[in-house]
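See structure below.
The values are calculated or read from the model by the stated rules, or taken from the named source; none is laboratory data. Bear in mind that the values here come from a model prediction, so they are computed numbers and not experimental data. No Cβ is skipped: glycine too gets one built from the backbone with ideal geometry, and neighbour counts run over all protein chains shown. Keep in mind that these areas ignore ligands, DNA and RNA; they rest on the heavy atoms of the full protein, side chains included. Shrake-Rupley method; radii C 1.70, N 1.55, O 1.52, S 1.80 Å.
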Amino acid sequence: MQKNPYMPMPVDVVKIVTEVTTKDIKTFRLAFVNKEDEENFKYLPGQFAELSILGKGESPIGIASSPTQEGYIEFTVQKAGVVTSALHNLEEGTRMGVRGPLGNSWPIDYLEGKNIVIVGGGFAFTTLRSMINYMLHEDNRSRFGNITVVYGAREPGLLIYKDELAGWEKRDDIDMYVTVDKGDETWTGREGFVPTVCKEVGPASENAVTIICGPPIMIRFTLPVFFELGFSKENIYTSLEMRMKCGIGKCGRCNVGEKYVCKDGPVFSLAELDQLTPEY
Amino acid sequence: MEKRLIKKDALNGIISKLSGEMPVYAPVKDEDNVLFKVLEEGMEPLVAYSNTRNAPKNFFFPQTETMMRYMRTEREIKLSGEDGEAREAILFGVRPCDARSFILLDKVFDQEKYKDPYYIDKREKTIIVSLACVQPPYSTCFCTSVGGHPMSEEGADVLLTDMGDNYLAEFITPKGEKLLERMGDLPAADGSADEKKKELSESAEKEIKSHIPGKEIKPWLDDNFEHPFWDTIHQSCLACGTCTYLCPTCHCFDISDEVKGSDGKRIRTWDSCMYWLFTQETSGHNPRPSQKQRWRQRLMHKFKYFVDNFDEIACVGCGRCVRYCPVNIDIRKIVTDISKL
Ligand SMILES: Cc1cc2nc3c(=O)[nH]c(=O)nc-3n(C[C@H](O)[C@H](O)[C@H](O)COP(=O)(O)OP(=O)(O)OC[C@H]3O[C@@H](n4cnc5c(N)ncnc54)[C@H](O)[C@@H]3O)c2cc1C
Ligand code: SF4
Ligand code: SF4
Ligand code: FES
C-alpha cells in the first residue's frame, strides 16, 4: 500500500524572514525531520504543498524554493485566516507538518529551449521565484534562452525577496525589470504599473513563453499587452487558486469544470483555461 | 461463476451463522425508517424492504471519520497515528443502484496516483451481498436511464434474486466465492434458474416507469454553461444539502481539526456543493457565490464533469434526492427539461 497521502511529514521551521514593511508576509524555511521524507519530496517549480498545523488545520501554499536548493523547502505566506495566522505566530525551531508536493508544475519540458518571460505582481511571486532560481542554477541555465523578469508591487516596502532581486539585477544572464506603482524618498528604481512596463520592455514573442502570476486586475491589464506582442494563448501560462482541502482530487471542492485545480493544476495555459468553464 | 439456490426459510439461518463470524450489516427496521445496522443475536435482516433512506456509502466513507490523532505537549505536537485497520465485514441486502454507486466512488477514491487509504481499507475488506429488485420499489427509480438495471450485479460480490421459493445466489467475484465456502452446502442452480432470472429481469425492467435522457443531454451541457435555463431551477432551493447527503455517489468532504485538552484529531466530514461556504475563499472571493451556480455545479458534476473524467454519469437513479428534497426539486425533471431545449 502507498503512503497515506493525508499524513503530514514532520518539518522544523529553521528560518523565518519577514518580507514586507506591513509585516503580514513571511517566508518560512522548513527542514525535514526524516531524511527519507526529504528524499521523497521531489518537486518542480510551480507545485504547492499543504502546510499543516496540528490543532488548526492546513493551507495550500506554493513552493517558493527551487529544487536546486537542497536541504530545505521554503514558503512565503500572507497572514489571512486561521492557519496562516497560526503560521505567522510560529517561532524558529518549532515543529510542524507538510504534505506534498501537490499539483502539476510550470511546464518545464515545454519551456526548454525557449525564451522565458516572467511577470509577477505583489506577493504572488513565490512559485515564479522558484522557477527563476531553478533556471539560473548552473546545471540548468543553458537549457533555457533569454530570461526576462517584470516584477512589480504597489510600493517599495511590498516587494518580496529584496536581497535576491538585487543579486539577480547584477547578473548578465537575466534581464530584470523591478517596478513599483509609487516610489518613496529612498526608491531610486523604476516607477510604473506592470502592464505599462511590459509594454515598454516589449519582449519578442518568437520562441518565447510568458508565465504570469499576480492580482486578477494586474493579469487582466497585462494579457492584452502580450497578445499585442504576438504571444498566443498556448504560450501564456498562469496558476489558479481555489479553496482546497484534500489537495488530491477527492474532496470535490476545487474543480473548474471537469478539472481539479489541486490535481490537474494549478498551472494552466490560457488556451487550456479557454476550454474550461469560467468559474474560478 | 458459482450459482446456488438458497431455500427461502434457510437464508436467515445462514446470515445468522455468518454474523457470528464477522460483523454483518443489514437493513433492519428502526422506528419508521429502514437502516443498515450490525446484526446482533436474534435480529433478522429485512429482505422485503424497499430501500434505506440513507445510502450505504457511509460504510466506506462515514459521515464523520478520524483521519489521524495527535497529542499536544507544551513544546511540540506529536502524531499518535491513525485509527486501527478495518475488519472484514459483510454488507448484506444492498440494492443494485447502491451497489453500483461503489463502482463510481472507487473511481474517485481509488486512483492510480492518489489512493484514499481510509475508503480503500474498508472497501477491500467488505463483502457486498446485493438484493436484486425483482419489483422495483419506487415510482422514482430510474436506474435504467443512467447505466444501471434493477437486477444488475455491478458492484456486488454476491447477488441474491428472489425466485419465489428460493433465492438464486450468484457468486460474482473472488470475494463472493470465498463467502460461499462459509455458507455451507448449497444446491447448484441449473439452467432453468437462469431462464427464470431472465424473465424476472425483463419484467423488472418494464416495471421501471421513470426515464430520463441522462446521456443525451451531455452535448447540451458541453455548450451551455451560460444559458438562461440555469436561472430557472434554483429559486426554491433551501441549500439544505439533503440531496447531496443522501446521494450514494456524492463524495465531497471537509477536513478539520478538533482539539480537546492535549488530545487532538483531524477529521473529515461530508460536505456539500450546495453550501456557499464550500468554495468561499479567505479573501472574500467566491467562485460560486449564488445558489444558481451551485445547482449548476451539482448537475454538471453528475451529468458532464464525471462523464468527461470517467465516462460514467455520477447518478445511479436511486431517486433519494427526488423523494426527500423538502421543496420537491426533481433532478429527473431538470434533465428532461434540458433535453427539450
Ligand atoms: C495552489 C495554491 C497556492 C497558494 N499559494 C499561496 C502562497 O504561496 N502564499 C499565500 O500566502 N497563500 C497562498 N495560497 C492561498 C492560501 O492557501 C490561503 O490564503 C489560505 O489557505 C488561507 O487559509 P487560512 O486558514 O489562513 O484562512 P481561513 O479563512 O481560516 O481558511 C479556512 C480554510 O479555507 C481554505 N482556503 C481559504 N482560502 C483559500 C484559498 N484562497 N485558496 C485555497 N484554500 C483556501 C483552506 O483550506 C483553509 O484551511 C495559495 C492557494 C492555492 C490554492
Ligand atoms: S442524484 Fe439523486 S437519484 Fe441520482 S444517485 Fe444521487 S440521490 Fe440518487
Ligand atoms: S434537497 Fe432540495 S432544497 Fe435541499 S439543497 Fe437539495 S435541491 Fe436544495
Ligand atoms: S482540494 Fe480536494 S479536490 Fe481539490
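Rank these by accessible area, largest first, 1.4 Å probe: B:ASP222, A:ASP37, B:ASP185.
Heavy-atom accessible area, descending, gives B:ASP185, B:ASP222, A:ASP37.
What GluC sites (Glu not before Pro) in segment B:52-120 are in a loop by DSSP, with at most 11 other Cβ atoms within 10 Å of the Cβ?
Loop-located and lightly packed - B:GLU74, B:GLU85, B:GLU112.
Hey, if you drop one equal point scatterer on each alpha-carbon of chain A and run the Debye formula without solvent, what base-10 log of I(q)/I(0) do you get at q = 0.15, 0.16 Å⁻¹?
At q = 0.15, 0.16 Å⁻¹ the computed log10 ratios are -1.20, -1.37.
For segment B:218-339, what is the relative contact order in percent, using Cα pairs closer than 8 Å and at least 6 residues apart in sequence?
Computed over segment B:218-339, the figure is 30 percent.
Tell me, what % of the accessible area of segment A:1-160 is carbon and sulfur with a 1.4 angstrom probe?
46
Keeping all protein chains in place and using 1.4 angstrom, which order do B:HIS211, A:HIS88 fall into by accessible surface area, from largest down?
Highest to lowest solvent-accessible surface, that is B:HIS211, A:HIS88.
Could you run the numbers on buried accessible area between A and B, total for both chains, 1.4 angstrom probe, in Å² to the nearest 100?
Buried area between the two chains comes out at roughly 3700 Å².
For a bin width of 10 Å, list the pair-distance distribution of the protein assembly as shown built from all Cα-Cα distances, rounded to whole %.
3, 15, 22, 21, 17, 12, 6, 3, 1, 0
Of all accessible surface on segment B:2-207 at a 1.4 Å probe, what whole percent is carbon and sulfur?
The computed percentage sits at 45.
What residues in segment A:1-28 lose 50 Å² or more of accessible surface when the other protein chains are added to their chain alone (1.4 Å probe)?
A:MET1, A:GLN2, A:ASN4, A:TYR6, A:MET7
Just read off the accessible area of B:SER152 with the full protein assembly in place, 1.4 Å probe, to the nearest 10 Å².
Surface accessible to solvent at B:SER152 totals approximately 20 Å².
Taking N as the number of residues in chain B, what value does Rg over Cα atoms divided by 2.2 N^0.38 Å take?
Here the Cα radius of gyration is 1.08 times the empirical estimate.
Taking H as built 1.01 Å from N, whose amide H comes closer than 5 Å to the amide H of B:MET67, not counting residues under 5 places away?
B:ARG266, B:ILE267, B:ARG268
Would you be so kind as to identify which of B:CYS252, A:PHE231, B:TYR275 lies farthest towards the positive end of the dipole of the protein assembly as shown, taking Lys and Arg as +1 and Asp and Glu as -1 on Cβ and the Cα centre as origin?
Value computed over the given set: B:TYR275.
Which whole-number value in Å² is the accessible area per residue of segment A:108-239, probe 1.4 Å?
On a per-residue basis, 47 Å².
Set Lys and Arg Cβ to +1 and Asp and Glu Cβ to -1, take the dipole of the protein assembly as shown about its Cα centre, and tell me which of B:ALA99, B:VAL307, A:GLY46 lies farthest positive.
Comparing the listed Cα positions along the dipole, B:ALA99 ranks first.
Run the accessible area of segment B:218-339 with a 1.4 Å probe and give the carbon-and-sulfur part as a rounded percent.
Roughly 51 percent, rounded to a whole number.
When only C-alpha pairs under 8 Å and at least 6 residues apart count, what is the relative contact order of segment A:9-102, in percent?
Computed over segment A:9-102, the figure is 38 percent.
Given segment B:42-151 reduced to its alpha-carbon atoms as identical point scatterers, what log10 I(q)/I(0) does the Debye formula return at q = 0.11, 0.17, 0.18 Å⁻¹?
The calculated log intensity ratios at q = 0.11, 0.17, 0.18 Å⁻¹ are -0.48, -0.93, -1.00.
Could you pull the accessible area for B:LYS304 with a 1.4 Å probe, rounded to 10 Å²?
20
Across all directions of projection, what mean area in square nanometres is found for the Cα convex hull of segment B:118-258?
About 13.8 nm², averaged over all directions.
What number comes out for accessible area per residue over segment B:184-341 if the probe is 1.4 Å? Units Å², please.
The answer is 46 Å² per residue.
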